[in-house]
Amino acid sequence: MTTRSNTNTTPDSDSGSAPVPDSAATPSPRFPSPAHWIGGRPVPGGPDVIDVVNPANGRVIAAVPAGTAADVDSAVAAARTAFPAWAATGVTDRVATVRRLADVLESRVEEIALTITAELGSPLTESRIAQAGQPVALARATADVAQDFPWSETIGNSLVLRESLGVVGAITPWNFPLNQMMSKVAPALLAGNTLVVKPSEVTPLTARILAEAAAEAGLPGGVLNIVHGAGPVVGAAITAHPDVDMVTFTGSTAAGRLVAASAADSVKRVTLELGGKSASVVLPDADLEKAVALSLASAWFNNGQVCAAWTRLIVPADRQRQVAELLVAAAEGFRVGDPMSEPTRLGPLVSETQRERVDAYIRRGLADGARLVFGGPGRPDGCETGAYVRPTIFTDVDPDAVIAQEEIFGPVLSVIPYTDEEHAVAIANNSVYGLHGAVFGEPDHALSVARRLRTGQVDVNGGQYNMVAPFGGYKQSGNGGREFGRYGLDDQLETKSVQL
Ligand code: NDP
């Protein structure tokens, strides 16, 4: 993070300014620099700002206020004030508001995609769908769930009521900026809760669009508040705040531990969505070409910066050579370069810090004796500036090696050979994480292996993404909460039993 005193950047507090699309070819691109959003309007921060940098070229494209604990106090007060009236609105009204929010965001999809590609480096073609389209679909799907949700039920002589929880603090990471916010905002709004959101300081620019869209959709002021700034300042102030009833956090396991410890003092509800090191298990009866193509696409999606990525490919030892050949052939098809260019499939990582981190892991893999079959350390040809790494594939990786155990968060795939099915399951479960995974094989056989994986989601033979299925992790990937669909809504509600 670079925090500096604001001498030449005026946070843009009106909603009308259009972004100037950035690209490596555009010399002086800038995006609107957002203020905080508190009580239904932009609120400028103090003199200190955090620069937002385009990782494709290192240029500053905007700045956000470096928020303080006092900003969090204001936002929590606004959320607390707005809570009783918002909680008292009917579910039908809340559902209609969230659907209008989705409509407004849909009308700004191209702007959202351009903004996220500029701040994150995700390829524009991917951004349009996964970064900009997905939050719209998620809001609608969650609204549908709320419409049909059992808000009350009878158990024996008790009437069991599901009620709004209060003020929710939402802390989100940089890899899917708007979607991560929407995963928390949609269920909160539908539950009748009010929010204080802290976006990642690295990719904060779509929070402004979300706030504007919420206002345009008719959300009352104070229901959705946004405070920009650094995790240890703004995030920590939210987690410790006595007037915040719940913290929903997505990010690294290390920060999640701090959040849980801090929130414990005021005994607030905490849900943690944390890291992953997911395995794709290829059984001997699998369609090998399909397994390889989907596993590589998962490992390298969003430039490898996905918590659920299948970064360990677990294959029969006697098929490893064939798998390596298929992987290399598939990898040749991934064009690396300017994320604003349509044919690009891999852009830069989110920051120079992340580039150095991932490059160090690639070097560590080599030093630990893994066999490099694609990529390697250093920058790709033609990408001498920007936070680029070479997308990399290792085979013969020891299941206990650092690159097989630690979350790299970059386009690095580790192929691990196994001898028999027990061995494959043991390798897959040999992780402190348990977020996601995959099994490829004859369908019944694959399902039987999927049941043995200690992980929150498993795709069998490329089973399609389901945005209302519960998402969350076993082990150090989470603390038992689940996002999406009725499970995500459930996590943001109180339960009252009335005996009649
Ligand atoms: P971080 O944990 O560094 O940050 C996540 C958020 O927490 C950011 O907004 C950050 O602020 C904030 N934060 C940092 N420290 C604290 C603190 N002490 N108290 C409160 N908030 C804090 O993760 P990254 O943003 O680097 O994202 C990558 C990580 O997120 C990966 O480990 C990945 O696996 C995980 N992730 C998990 C997902 C899941 O659903 N399980 C989904 C996506 C990512 P700041 O803006 O200063 O960084």
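Out of every Cα-Cα pair that the range 451-500 contains, those further apart than 16 angstrom amount to 54 percent.
A simple spin-label model places the labels of Ala260 and Ala360 2.5 nm from each other, with each point 7 Å out along Cα-to-Cβ. In this structure the amide hydrogen of Ala170, modeled in the peptide plane, comes within under 5 Å of the amide hydrogens of Val196, Val197, Lys198, Thr248, none closer than 5 places in sequence on its chain. Oblate is the label for the range 39-115, because the ratio a/c of its alpha-carbon gyration tensor axes (a ≥ b ≥ c) is 1.5 or higher and a/b is not greater than b/c.
Amide H contacts of Arg59 (H built 1.01 Å from N, in plane; Pro and chain starts excluded): Asn54 sit under 5 Å, all sequence-distant by 5 or more or on other chains.
The mean sequence separation of alpha-carbon pairs under 8 Å and at least six residues apart, normalised by the residue count of the range 278-456, gives a relative contact order of 30 percent.
Relative contact order of the chain, please, whole-number percent, based on alpha carbon pairs below 8 angstrom and at least 6 residues apart. Computed over the chain, the figure is 17 percent.
Listed by chain and number, the lysines whose alpha-carbon sits under 20 Å from that of Lys184, ignoring those within fewer than 8 places in the same chain, are Lys198, Lys268. Per the Debye formula on identical point scatterers at the alpha carbon atoms of the range 352-500, with no solvent, log10 I(q)/I(0) at q = 0.11, 0.15, 0.16 Å⁻¹ is -0.57, -0.94, -1.02. The angle between the Cα long axis of helix 69-88 and the longest principal axis of the Cα atoms of the chain comes to about 70 degrees, rounded to the nearest 10. The shape of the range 51-93 comes out oblate: with a ≥ b ≥ c from the C-alpha gyration tensor, a/c is at least 1.5 while a/b does not beat b/c.
Can you tell me the length gained on complete extension of the stretch Asp285 to Ser5, counting 0.36 nm per residue apart and subtracting the Cα distance?
94.7 nm
Excluding Gly481 itself, calculate the net charge of residues whose Cβ lies under 10 Å from the Cβ of Gly481, where each Lys or Arg counts +1 and each Asp or Glu counts -1. Around Gly481, the charge tally is -2. Over all directions, the projected convex hull of the C-alpha atoms in the chain averages 22.9 nm² in area. Computed per residue of the chain from DSSP H runs no shorter than four, each worth -39500 (n - 2.57), the mean residue ellipticity at 222 nm is -10500 deg cm²/dmol.
Using the Cα coordinates of the range 174-325, the gyration tensor eigenvalues translate into equivalent-ellipsoid semi-axes of 38, 18, 13 Å, sorted from longest to shortest. Please report the antiparallel percentage of DSSP beta bridges with both residues in the range 278-456, rounded to the nearest 5. Close to 20 percent. Label reach from Glu325 (point 7 Å along Cα→C-beta): in the range 268-298, amide nitrogens under 17 Å belong to 287-293.
Is the shape of the range 193-251 best called rounded, prolate or oblate, per the rule: a/c under 1.5 gives rounded, else a/b larger than b/c gives prolate, else oblate, with a ≥ b ≥ c the square roots of the Cα gyration tensor eigenvalues? Judged from the Cα gyration tensor, the range 193-251 comes out oblate (a/c at least 1.5, b/c at or above a/b). Mean projection of the Cα convex hull over all viewing directions, computed for the range 278-456: 9.5 nm².
Take 184-195, 348-359, 321-332, 292-303 and order them by the average number of nearby Cβ atoms within 10 Å per residue, most first; the result is 184-195, 292-303, 348-359, 321-332. Compared with the dominant principal axis of the Cα atoms in the chain, helix 253-264 is inclined by about 30°. Relative to the longest principal axis of the Cα atoms of the chain, the long axis of helix 177-191 makes an angle of roughly 50 degrees.
Any read-out appearing in this document is the output of simple, stated calculations on the displayed coordinates, not a laboratory observation. Predicted model only: the values in this text are computed from it and were never measured. No Cβ is skipped: glycine too gets one built from the backbone with ideal geometry, and neighbour counts run over all protein chains shown.
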